[in-house]
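These notes concern the structure reproduced below.
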Amino acid sequence: MSRAEAGATGVADATRASSSPSDQHSPTAPHAPEGPRPMYRLTDVVKTYTQKKKTVTALAGVTLEIPAGQMVAIQGPTGGGKSTLLQMLGALDRPTSGTVLLGEKDLSRAGDHALAAARGREIGFVFQGFNLIPTLTAAENVETAFADGSVPRDERRRRAAAALESVGLAERADHLPAELSGGQQQRVAIARALVKEPTVLLADEPTGSLDEATRDEIMDLLEGVWRERGLTLVIVTHDSAVAKRAERRLHLKGGQVTEI
Amino acid sequence: MFFTYLRRELGNRRKQTVVIAIGMALAIALVIIVNGVAAGVRNAQSSVLESVYGVGTDVTITQTAEPGTDGGGPGQQFSFGSGDGSTEDGSTEVSQNTLSAARGTATFDASTLATVEGVDGVSAATATLSLQNSSFSGTLPDFSQGSSGGAGTAPGSGTGTDTGTAQQAPPTGGADGAGGSSFDVDQFAVEGIDVTADAVGPLTSVTLADGRTFTADDAGKDVVVLDQAYATSADLTTGDTLTIGGTDFTVIGVVASTSSDAATASDTYVPLDTAQTVSGLTGQISSVYVTAASASEVDSLKSDLEAALPDATVSTQSDLASSVSGSLSTASGLVSNLGTWLSVIVLIAASAIAVLFTVSGVGRRTREFGTLKAIGWSNARITRQVAGESLVQGLIGGVVGVAVGLLGIVVVNAIAPTLSASAATSSGPGAGGPGGMPGGAATAAAGSAVEGGAAAGTGGGFGQQMAQATTDIALHVPVTLSIILVAVGLAVLGGLLAGAIGGWRASRLRPAEALRSVA
């Protein structure tokens with residue numbers, strides 16, 4: 001399958017997920033619950049790093065609520081704290097001070113084990129560089145998402161195959177990442193993020209390594225699964241075209257967050 | 001998932017896997033070969049020792065012979081008076097058979113045995129008397145002709161049987177019929193042993209080849225048991241008669257060493273009391289063989305015995321092992337020093353290579369491990385994955401190493417290098433000397449111009465030392481399951497070490513690295 005064809009499949013998938021792809025710029029998400037239940041609640045989050053004996057403040061007191069089911073885009077200059085904020089949301093790191101609540105769970109005080117468990121069950125990640133394991137096939141890469149080994153093998157395989165099919169790559173299941181195009185690799189990565197049915201999907205520059213046409217396919221796919229599954233989607237991006245698709249846009253500069 | 005991932009990673013890094021496996025294989029093969037050869041050498045050593053000292057002997061007690069005294073003297077003497085021998089056809093036949101303490105062996109009072117048995121920790125003890133039977137037989141020319149004829153010493157040209165010309169060409173006769181002489185000097189070792197001792201002593205390590213061994217009824221009788229090698233060389237079997245110290249002994253049995261490669265301690269075995277009587281060493285013994293009550297108390301037993309017997313030399317089996325000399329002991333030294341160090345160094349090097357490769361592999365896979373952490377893999381699972389990879393690399397190396405090592409052992413056994421071992425049977429001054437007479441018949445045949453009228457001359461000093469039992473042993477390297485398991489265990493350990501270090505490095509990576517790394 002050529003890249004163009006893959007793209008076409010992607011568009012088709014996205015079309016299935018959303019009845020009108022051209023209307024996707026609409027900031028209203030039909031499935032986003034309007035209730036008061038926040039997915040994330042960040043209070044006075046400060047994160048400082050020590051780099052070469054210099055203290056760098058990446059987040060300077062961020063207070064933020066993200067309701068469940070919201071699609072949020074985070075923009076801002078390089079070094080503004082976007083990635084650090086995503087790490088806080090993704091339970092990859094703990095803040096220097098302040099609290100990060102994921103649902104009822106306080107990620108700022110959780111141990112390594114609890115953070116890993118939260119990542120394994122509730123959070124799906126999509127990376128700019130796709131970050132697939134080069135030695136594993138597409139299907140096997142998707143299977144790595146079952147992090148704690150509690151899911152039996154047969155079910156893992158079945159769900160991985162289903163996830164690949166949902167991103168339009170069923171027939172590429174046995175291909176290694178190197179045999180796939182960038183867009184296809186990102187689809188595998190999205191399947192990997194979704195296969196464990198997380199409540200949150202975090203994407204770090206998901207289209208940063210893709211050309212424009214592929215970028216739109218991937219965004220259609222992400223937006224489609226967001227609508228379909230009602231999960232909370234946070235996208236860090238430089239690209240305004242990507243950010244415009246979100247319900248809510250945040251700007252992060254100098255460690256401070258502002259709504260756009 | 002674990003195995004799929006593991007297999008793919010190792011397959012993808014085949015070159016690295018092969019290098020690590022080769023390193024491990026080399027180390028493991030060396031360990032197996034070195035240990036196998038060491039065990040082979042040890043077996044050879046113990047079979048030499050067993051053949052000399054018997055099975056179950058923990059301690060032997062001897063006494064140092066003082067130079068110049070009987071038994072410790074430099075040589076033996078055969079004295080013939082002018083009337084000795086029988087003269088016939090112009091030749092004089094002389095023969096003499098003496099039994100005396102073996103070279104370098106000091107005898108001491110038999111009461112030592114009772115002293116030894118009185119020491120705590122002695123389970124069994126038996127006394128032996130090591131003797132040497134020397135027989136001298138020869139043909140001399142009829143010296144009386146030469147002196148009566150007064151015709152000088154011109155070499156004769158007649159033959160011994162040509163009696164008609166005997167008067168014209170003196171001296172004639174002798175071994176070559178031309179006035180020459182011929183001597184046979186035959187020496188063999190005689191061990192006087194306690195016929196009731198079956199727990200410890202020289203005859204406990206033998207198998208009966210023919211006839212019977214001693215029973216309690218044999219005490220005091222003129223009966224002899226032969227070593228098979230000696231029986232063959234002397235052409236004797238059960239029922240034959242052997243003259244020892246001028247007394248005729250009946251051969252009642254033939255014994256062989258349990259080790260096919262080694263001879264038994266002595267050429268012949270006779271009852272201790274008979275040996276004492278025939279040799280004139282009444283109440284004397286030369287060694288006491290002791291079995292300790294507990295193998296772990298041999299060293300303390302040694303000091304107790306030394307305290308009880310201040311004049312005696314008390315040797316443990318390990319002391320005796322060091323008395324094994326020859327190429328066997330050279331091999332032993334080589335194997336235990338060079339071989340062990342070499343395998344240790346190679347093992348360390350192989351492990352270091354494995355560690356370095358694993359750590360650099362983890363470094364290159366930072367993003368991979370960060371990603372896996374970001375999607376929820378625990379540190380334990382990542383460590384397990386990395387350790388698993390190293391472990392399998394070690395295992396592959398171990399299996400290949402075992403195969404190469406076994407091949408090496410097969411090659412060594414096919415070549416079967418012969419090692420010669422000399423076990424000093426006595427710590428006396430004569431022992432350890434060069435040129436031991438290997439077990440038996442020394443023949444000195446010499447044409448000698450004997451001065452006329454010197455019929456009553458002295459015999460030569462035959463100073464051959466019988467104090468060493470020299471044995472040639474083909475090195476057989478044993479293969480034991482335990483050494484294979486140890487070798488594979490070492491490979492696994494090396495792999496685990498690499499995996500533990502690599503896994504630790506991987507688990508220390510911050511998951512945020514995955515997000516930082518730009519594709």
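FYI, it's all coordinate maths here, none of it is from the lab. What you see is a predicted model, and the numbers here were worked out from it, not measured in a lab. Here the Cβ positions follow ideal geometry from the backbone for every residue, glycine too, while neighbour counts run over all protein chains shown.
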*Sequence-distant or interchain residues sharing an amide H contact under 5 Å with B:Ala474, placed H: which?*
B:Leu419
*Normalising by the residue count of chain A, find the relative contact order in percent from Cα pairs under 8 Å and 6+ residues apart.*
31 percent
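Under the Kirkwood approximation applied to all pairs of distinct alpha-carbon atoms, what is the hydrodynamic radius of region A:208-252 in Å? Display every interim value, and only then the final one.
On the way: mean 1/r = 0.0891 Å⁻¹.
For region A:208-252, the Kirkwood estimate is 11.2 Å.
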*asked:* Translational diffusion coefficient of region A:120-245 at 20 °C, 1.002 mPa s, Stokes-Einstein with Kirkwood Rh over Cα pairs, in µm²/s as a whole number.
replied: 149 µm²/s
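How much length is gained on full extension from B:Ala380 to B:Asn12, taking 0.36 nm per residue of separation minus their Cα-Cα distance? Provide the component values of the computation, followed by the final result.
On the way: separation 368, 0.36 × 368 = 132.48 nm, distance 2.31 nm.
Between B:Ala380 and B:Asn12, full extension yields an extra 130.2 nm.
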*Residue-span extension gain [A:Arg157 to A:Thr96] - 0.36 nm each, minus C-alpha spacing*: 18.0 nm
*In square nanometres, what is one fourth of the surface area of the convex hull spanned by the alpha carbons of region A:47-105?*
4.6 nm²
*Unit charges at the beta carbon, dipole of chain A: most positive-side option, A:Val142, A:Leu252, A:Leu201*: A:Leu252
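From the gyration tensor of the Cα coordinates in region A:175-239, what semi-axes in whole Å does the equivalent ellipsoid have, largest first, with each one equal to sqrt(5λ)?
Details: eigenvalues 71, 44, 20 Å².
Its equivalent ellipsoid spans semi-axes of 19, 15, 10 Å.
Based on Cβ point charges of +1 for Lys and Arg and -1 for Asp and Glu, what charge dipole magnitude is obtained for region A:69-122 about its Cα centre, in debye rounded to the nearest 20? Before the final figure, lay out each step's value.
On the way: 6 positive and 5 negative charges, 13 e Å.
Computed charge dipole of region A:69-122: roughly 60 debye.
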*Two-site FRET efficiency, B:Phe3 against B:Ala209, from Cβ-Cβ distance with R₀ of 41 Å, rounded to 0.05*: 0.10
*Looking at the square roots a ≥ b ≥ c of the eigenvalues of the Cα gyration tensor of region A:77-151, which shape do they give, rounded for a/c under 1.5, prolate if a/b is larger than b/c, or oblate?*
oblate
*asked:* Could you give the length gained by full extension between B:Val486 and B:Thr232, i.e. 0.36 nm per residue of separation minus their alpha carbon distance, to one decimal place?
replied: 87.0 nm
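With +1 on the Cβ of every Lys and Arg and -1 on the Cβ of every Asp and Glu, and nothing else charged, how large is the dipole of chain A about its Cα centre, in debye rounded to the nearest 20?
Working: 31 positive and 33 negative charges, 185 e Å.
Dipole magnitude for chain A comes out near 900 debye.
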_Test of understanding: ordering B:Phe357, A:Phe125 by Cβ neighbours within 10 Å, fewest first, what list do you get?_
B:Phe357, A:Phe125
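What whole-number value in cubic angstrom gives the convex hull volume per residue for the C-alpha atoms of chain A?
On the way: hull volume 34.0 nm³, N = 260.
Residue-normalised Cα hull volume stands at 131 Å³.
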*At a Cα cut-off below 29 Å, give the lysines reachable from A:Lys105, other chains included and same-chain residues fewer than 8 away excluded.*
A:Lys47, A:Lys82, A:Lys196, A:Lys253, B:Lys373
